[in-house]
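Let me begin by presenting the structure, written as structure tokens, before commenting on it.
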Amino acid sequence: MKKSIHLAILFFIILLFMDTTNGNAAPNIKISYTVTFPEAQAHYADVEMNISGLQQNTLDLKMPVWTPGSYLVREFAKNVESFTAMANGKAIAAPKTTKNCWHINTAGITAVTVKYRVYCFEISVRTSFVDASHGFLSTTGIFMYPDKMLNQPSTVHIIPYKGWTTVSTSLDMVNGDQFTRHSPNYDILFDSPIEIGTQDVFGFYAAGVKYEVCMVGGGNYDKERLKKDMAKIVEQETAVFGENPNKHYIFIVHNYQRGGGGLEHLSSTTLGASRDQYGSEAGYHNFLSLVAHEHFHLWNVKRLRPIVLGPFDYDNENYTTDLWIAEGFTAYYQNLILRHAHITTPEDYLNAVTGEINIVENQPGAKIQPLAEASFDAWIKSYRPNENSFNTGISYYDKGAAVGMLLDLEIINDSKGKYCLDDVMKYMYDTYYKLKKRGYTDAEFKQGFEKFAGKNLDEFYKNYVYGLTPLNYNKYLGYAGYKSTDELAGTNEPTLGVMLGNNNGKKIVTTVIRGTAAWIDGINVNDELVSIDGTPVTDAANLLSGKAVGDKIIVIVNRDGLPVTLNVTLLRNNRYKYKVDSLPNPTADQLTVRKKWLNL
């Protein structure tokens, strides 16, 4: 009996230890952070981390190596310096054991204070930036976490730099204090960027949710117009999924002289924009398209997600073949939503479709890399492009959007206008996020498509997702009474087949396009084009003036400081320029598909 009691106590202790180390929240452990900016002008954020209630013998503190939504190992620990640890008022050893892990012996210690500094000087939506005007904290690169304690709650207290008055983040306030925020776990903390400064904040309500727009860096934006159109986007996207799961949502917009890009989060997003782009209709619609894209992600990928994307492994790559759905479909919807919300015209939308087709079809890599592989290799290719990427890969954004369009038209046509891709997205959201509370597999999403298309899609997947079969745009556009036509099909213009950069007036080859004259006859990236048939190269736009397909020319390049003479035979420019137009006499069935597709 006594032995059994001892075993029971031992088992309880083991369970208690497992609760602490396997990621379950341990109520005895308290974690808080204080972030200060004593040298904001030098781009530093200083972090103090306090952990109490420890009952284990060791503690490993880690900095994530990547941030969800941006599929590249960025090694955020490279920006950490001056790491120290203290307990009971004394410094304790905290050796670094891996590139992103600090080890602390906590035997007999219940509370630890850690301090470190983070250098923040990379302008992007996924990295931290601090200067005297504002601080943007991309939280995966700021806050360390105790290993195997990702479910622990924490509190973040911010002491702003002089003159900073406002904090913008989706983290909840503590006791109404905007400078003190609470996170229920580390997945939420790492999914909640923080902007501190003097940003211009305005808001609106849509779909029963409070929205805030935080403009950093000024700009020629019209607040009232933005509120009206952003609300339309929110309502239209909420209608796709049938609910908006947030209570409040934050748009953090960084306006630069030239900016772009976005990164999605569970209850917020960070957008990059050019501060003068709002003044033109094209620039304004481009911004709204970015808004639609990143906001759509609060469902697609943040909640409706590939099964491997959560719970996250913050130490390593998280591989999936489904970014063509998570990102590609979102890219498809970013323009479709504007059309469905009647922000843009049908003609505007078809022009956007034309642009997507031309991007995909003019990239040689589309014939080399299957769509699923492009997703899986995002970590080593998409986010690490080189001079040959154009020839060897395809964007899962661009081709994913094109495949999304084909599937949408297939479903509308097969269901005679009853269903569309919206129905698939809602079904998958309801089934996997809400009911099964997990991510989806490749096969499960395929089954979702088949449910609403009413047919087997093995061949579609074989050709377009896992294979390299050229996309049959006219088959699917034809369902809606449209066709795509290559306006350059009858031309016979020559091309050298290079992309050029300008270095102090010198024309430098930046890309050699696969299958062209330059590729075949040996022009290299980094070559300086010196002359063609004895004529100095000064104007990139008129390289081949007076030349014809089949002409043999002499190209002199400067390669690594040495002159090289190349005999080049000019080939036809195989560039495509597609245009989408209506068929002359669309049928009633085609008009039914068109009406459903374009929300006419």
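The values are calculated or read from the model by the stated rules, or taken from the named source; none is laboratory data. All figures in this text were calculated on a predicted structure; none of them were measured in a lab. Backbone-built Cβ (ideal geometry, glycine too); neighbour counts: all protein chains shown. Ligands, DNA and RNA are excluded from the accessible area calculation, which covers all protein heavy atoms including side chains. Shrake-Rupley method; radii C 1.70, N 1.55, O 1.52, S 1.80 Å.
Measuring r between the beta carbons of V549 and V525 and using R0 = 30 Å, the FRET efficiency lands at 0.80.
Counting Lys and Arg as +1 and Asp and Glu as -1, each charge on the Cβ, what is the dipole of the chain about the Cα centre in debye, to the nearest 20?
Working: 58 positive and 63 negative charges, 219 e Å.
So the dipole magnitude of the chain works out to roughly 1060 debye.
Going by average Cβ neighbours within 10 Å, how do the peptides 461-472, 369-380, 554-565 rank, with the highest at the top? Mind showing how you got there, number by number?
Values: 461-472: 15.5, 369-380: 20.2, 554-565: 13.8.
By packing density, highest mean first, the sequence is 369-380, 461-472, 554-565.
Just reorder S124, S268 by solvent-accessible area, largest first, 1.4 Å probe, all chains present. Before the final figure, lay out each step's value.
Values: S124 25, S268 0 Å².
Putting S124, S268 in descending order of accessible area: S124, S268.
Only one residue of V291, P364, N318 has its Cα farthest out toward the positive end of the dipole of region 258-367, where Lys and Arg carry +1 and Asp and Glu -1 on Cβ, and that residue is V291. Among the listed pairs K30/K99; K507/K547; K302/K437; K232/K426; K247/K399; K90/K115, a Cα-Cα separation exceeding 23 Å is found for K30/K99; K247/K399. The residue list N100, S128, F143 was ranked by how far each Cα lies along the charge dipole of region 81-144 toward its positive end, using unit charges on Cβ atoms, and N100 comes out on top. The listed peptides 93-105, 396-408, ordered by packing as a protection proxy, come out as 396-408, 93-105 (highest mean of other Cβ atoms within 10 Å first).
When both region 221-299 and region 579-600 are represented by their alpha-carbon centers, they are found 29 Å apart. This model, with +1 at the C-beta of Lys and Arg and -1 at the C-beta of Asp and Glu, gives region 274-356 a dipole about its Cα centre of some 300 debye.
Please find the FRET efficiency linking N175 to T354, where r is the Cβ-Cβ separation and R0 is fixed at 51 Å, and quote it to the nearest 0.05. Calculated value: 0.40. Working note: Debye formula, equal point scatterers on the alpha-carbon atoms of region 435-481, no solvent; log10 I(q)/I(0) at q = 0.31 Å⁻¹ is -1.14. Cross-link partners for K148 among the aspartates and glutamates, with Cα-Cα distance under 17 Å and sequence neighbours closer than 8 places in the same chain left out: D19, D60, D187, D313, D315.
With only alpha-carbon pairs counted, each pair once and no self-pairs, how large is the Kirkwood hydrodynamic radius of region 285-353 in angstroms? All intermediate terms of the calculation are to be shown ahead of the outcome.
Values: mean 1/r = 0.0760 Å⁻¹.
Value: 13.2 Å, from the Cα pair sum.
Toward the positive end of the charge dipole of region 153-258, with +1 on the Cβ of Lys and Arg and -1 on the Cβ of Asp and Glu, the farthest Cα among P153, G217, V253 is that of G217. With a threshold of 22 Å on the Cα-Cα distance, the over-threshold entries among K416/K475; K418/K579; K227/K579 are K418/K579; K227/K579. Rounded to whole Å, the principal axis extents of the Cα atoms in region 428-552 read 70, 35, 22, largest first. Once the mean of 1/r is taken over each pair of separate Cα atoms and inverted, the chain shows a Kirkwood hydrodynamic radius of 27.0 Å. Report note on the peptides 144-153, 515-524: ranked by the mean count of other C-beta atoms within 10 Å, highest first, their order is 144-153, 515-524.
For region 170-188 and region 526-569, compute the distance between their C-alpha centroids and round to whole Å. Each part's Cα centre sits 61 Å from the other's.
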